[in-house]
Amino acid sequence: MKVIKRDGTTVDFDRSKIAVAISKANAAVEEPYRISDDKIEEIICYIEGKHRQRYLVEDIQDMVESELMKAGKYELSKAYIIYRYNRALVRKANTTDESILSLIKNSNKDVMEENSNKNAVMAATQRDLIAGEVSKDLTKRLLLPEHISKAHEEGAIHFHDADYFLQPIFNCCLINIGDMLDNGTVMNGKLIESPKSFQVACTIMTQIIASVACGQYGGQSVDVSHLGKYLRISRDKFRRQLTEEFGGELSSEMIEGIVEQRLRDELKSGVQTIQYQINTLMTTNGQSPFVTLFLYLRPDDEYIEENAMIIEEILRQRYEGIKNECGVYVTPAFPKLVYVLDEHNCLKGGKYDYITRLAVKCSSKRLYPDYISAKKMRENYENNVFSPMGCRSFLSPWKDENGNYKFEGRFNQGVVSINLPQIGILAKGDEDEFWKLFDERLELCFEALMCRHNALLGTVSDTSPVHWQYGAIARLEKGEVIDKYLYGGYSTISLGYIGLYEVTKLMKGVSHTDPEGMDFAIRVMTHMNEACKRWKAQTGLGFALYGTPAESLCYRFARIDKERFGTIKDVTDKGYYTNSYHVDVRETIDAFKKFEFESQFQKISSGGAISYIEIPNMRNNLPALETLVRFIYDNIQYAEFNTKSDYCHVCGFDGEIIINDDLEWECPVCGNKDQKKMNVTRRTCGYLGENFWNVGKTKEIKARVLHL
């Protein structure tokens, strides 16, 4: 039996602690009001007899009080309550010592593994994590209502980012980078004027990204189409300089040739600045800025040709990678890339198909970019195409006072997620009970989300000048409050959800890919979406249904429910819950059918959604990926590929580990042949369900023999 302590850690059940607590209460009352040692033993046996795998400390104490009252020991029960109260006062004095000290000793695994983008061993990162532990402690004890904290601890809901809740900062945003570049900004008290070249624009953009990351805790996105203007400025500058200096000596054709060469050099340098700056800057929260570059060639963009050049260069450099400390090219974590497919680049004979082919090639080696279908997005968002905030959270359409849609300069206030499978477990197949419990849990989520909103009310612009005073979000005066941006749907506030597949299995006995299960799953999704609409009408806040809020939450919810309810086939036995509406990875479904099936849920989950497929090493099967990309454009709004590549743990090489003449795996960089020090993926033909390609390469065939 396990006990969940108030700081969230799990310990073994210790019956002696119950005996000590009752004995201390015994000593505080006169003899007639005391309880015998046999009766104490009886109470302990009663608790053990429940055979629960998991208890909260408060649950055990409540049962002790109840048993004392049943025994008629009212004075003793009162003494025990006073004992609990005094212990609570001691706890409220300080409850973070153990978690912080274990963090410094690198033994607090929960905190160290919570964010894969942070190196929790580094001193600078540990400072942020220590502050986070203090924030979580104060949030749990003082800032949140007790029943919300308890619901979080029991895994009924998840209150995201409690490590930042103490501060008046928000989640994620779309930076209004166009305004900041065109009209200037201020950083660290220094005026940054509008840049006069592409290279300078790239440098300023990365500094803005770093500054923004320090004033919020979630991801941010930048639309790189705003850089096209500055690439043209550089071209015009080069042409003007050359004409003034060599106009009488060089022909216009020669001048244009030199201009284009200089422009290509500046383009390469500018994009390299973005890539290296983002990957070498360290923000105040101990990691590189969590930033997404939005790559969209808008058909009506006057700088579309310049932006085509910029996107092409970004993809080229991402495909190449960045050298690690061993000098090996590896895949950088940031910036994440989102590439938009439209009529002119969806691999159906469009003018910019060549860029999409480069994007596909990049995906095959470096995972990114992800893909957005402009066609499907226009259907779902009132004919608009815009970037997610970070890489997954989407805004709702919003119009300014002039009736114009606005997306850049908007943000998300925060997220609370609901554990759908736990509701199904408690309902035990009874639909009436399910919908009743579902509504109760949704009300808990609403209360928790209002806590997030209320924490931001009254925030003054001085808390993060780059956001509120100098253009990333707004241009407020010093000392002005941000409240007007919290209402009217300008910013979103998100209800996340986990485990649609598992709750369907619990209630219907089938997957949500089954027709009966799909009907139930759609009703569950619609119910959450309707709740968001109802809350929005009630409060004037931009509530939105948000899929895929946190991969780690899939494991947390599943772990809690397994400890509490035991092993349940196809639910808690896997060690994880499926994220949002996704098809369980164990189901047999081809890539095309998976995207087609999940597309219907993306429309309902308008506050955030992404679908993905797991595919093998596809670097030699680009036609297969191109077919998938064409399919994405016509069938699903937002999708990504999770490809698997080889990896050498000796030098960090993540290319393709070769098979030498002796049929041994060998790293082409460092020569490592020890398979225990490398990951080697299976080589397959690339079958994806509707088409077939045969690789037919000798080393691929050898690899297939060895592995399959």
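The values are calculated or read from the model by the stated rules, or taken from the named source; none is laboratory data. What you are looking at is a predicted structure, and each value in this text was computed from that prediction instead of being measured. Every residue, glycine as well, gets a Cβ built from its backbone with ideal geometry; the counts of neighbours run over all protein chains shown. Just so you know, the surface numbers come from the protein's heavy atoms only, side chains and all, with ligands and any DNA or RNA stripped out. Shrake-Rupley method; radii C 1.70, N 1.55, O 1.52, S 1.80 Å.
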Order Tyr647, Tyr501, most accessible first, counting only protein heavy atoms with a 1.4 angstrom probe. Tyr647, Tyr501
What net charge do the residues around Gly496 carry, taking every other residue with its C-beta under 13 Å from that of Gly496, with Lys and Arg at +1 and Asp and Glu at -1? +2
Relative contact order for the chain, counting Cα pairs under 8 Å that sit 6 or more residues apart, in percent: 12
Mind checking which of Ser464, Tyr164, Leu263 is farthest towards the positive end of the chain's charge dipole, using Cβ charges of +1 (Lys, Arg) and -1 (Asp, Glu) about the Cα centre? Tyr164
Go through Lys574/Lys594; Lys536/Lys569; Lys376/Lys574 and tell me which ones have a Cα-Cα distance over 30 Å in this structure. Lys536/Lys569; Lys376/Lys574
Once ligands and nucleic acids are excluded and a 1.4 Å probe is used, how much of Arg559 is accessible, expressed in Å² to the nearest 10? 120
Quick one: check the C-alpha center-to-center distance for segment 266-283 versus segment 373-405, whole angstrom. 28
Summing Lys, Arg as +1 and Asp, Glu as -1, what charge do residues with Cβ under 14 Å from the Cβ of Leu541 carry, Leu541 excluded? +4
Under 17 Å from the Cα of Lys24, which lysines turn up, not counting those fewer than eight places away in the same chain? Lys39, Lys73, Lys78
List Leu174, Leu457, ordered by accessible area with a 1.4 Å probe, largest first: Leu457, Leu174
FRET efficiency (Glu245, Glu343; Cβ distance; R0 35 Å; to 0.05) is 0.25
What distance in nm separates the simple spin-label points at Glu401 and Thr539, each placed 7 Å from Cα in the Cβ direction? 2.6
I need the shape label for the chain. Rule: rounded when a/c is under 1.5, else prolate if a/b > b/c, else oblate, with a, b, c from the alpha carbon gyration tensor. prolate
So which DSSP H runs in the chain come out at 15 Å plus along the axis (Cα) with average Kyte-Doolittle of at least 0.5? 198-214
Once you have a ≥ b ≥ c as the square roots of the Cα gyration tensor eigenvalues for segment 511-647, tell me rounded if a/c is under 1.5, and otherwise prolate or oblate according to whether a/b is larger than b/c. oblate
If the cut-off is 14 Å between C-alpha atoms, which aspartates and glutamates fall inside it for Lys70, apart from same-chain ones fewer than 8 positions away? Glu42, Asp62
Per DSSP H run of at least 4 residues, take -39500 (n - 2.57); add these up for the chain, divide by its residues and hand me the 222 nm value, nearest 500 deg cm²/dmol. -15000 deg cm²/dmol
Would segment 366-488 count as rounded, prolate or oblate if I go by the C-alpha gyration tensor, calling it rounded below 1.5 in a/c and otherwise prolate when a/b exceeds b/c, oblate otherwise? oblate
Rounding to the nearest 20 debye, state how big the charge dipole of segment 222-354 is about its Cα centre with +1 on each Lys and Arg Cβ and -1 on each Asp and Glu Cβ. 480
Under a Cβ-Cβ cut-off of 10 Å, what is the net charge of the residues other than Val415 that fall near it, where Lys and Arg count +1 and Asp and Glu count -1? 0
For segment 275-322, what is the accessible area per residue in Å², given a 1.4 Å probe and the full set of protein chains? 35
Computed about the Cα centre, the charge dipole of segment 423-529 from +1 Lys/Arg and -1 Asp/Glu charges at the Cβ has a magnitude in debye, to the nearest 20, of 400
Antiparallel DSSP beta bridges within the chain, percent to nearest 5: 40
Excluding residues fewer than 8 positions from Lys562 in its own chain, the aspartates and glutamates with Cα under 17 Å of it are Asp12, Glu153, Glu154, Glu502, Asp570, Asp573
Which percent, to the nearest 5, of DSSP beta bridges fully inside segment 209-360 are antiparallel? 20
For the chain, which whole percent of the accessible surface, found with a 1.4 angstrom probe, sits on carbon and sulfur atoms? 50
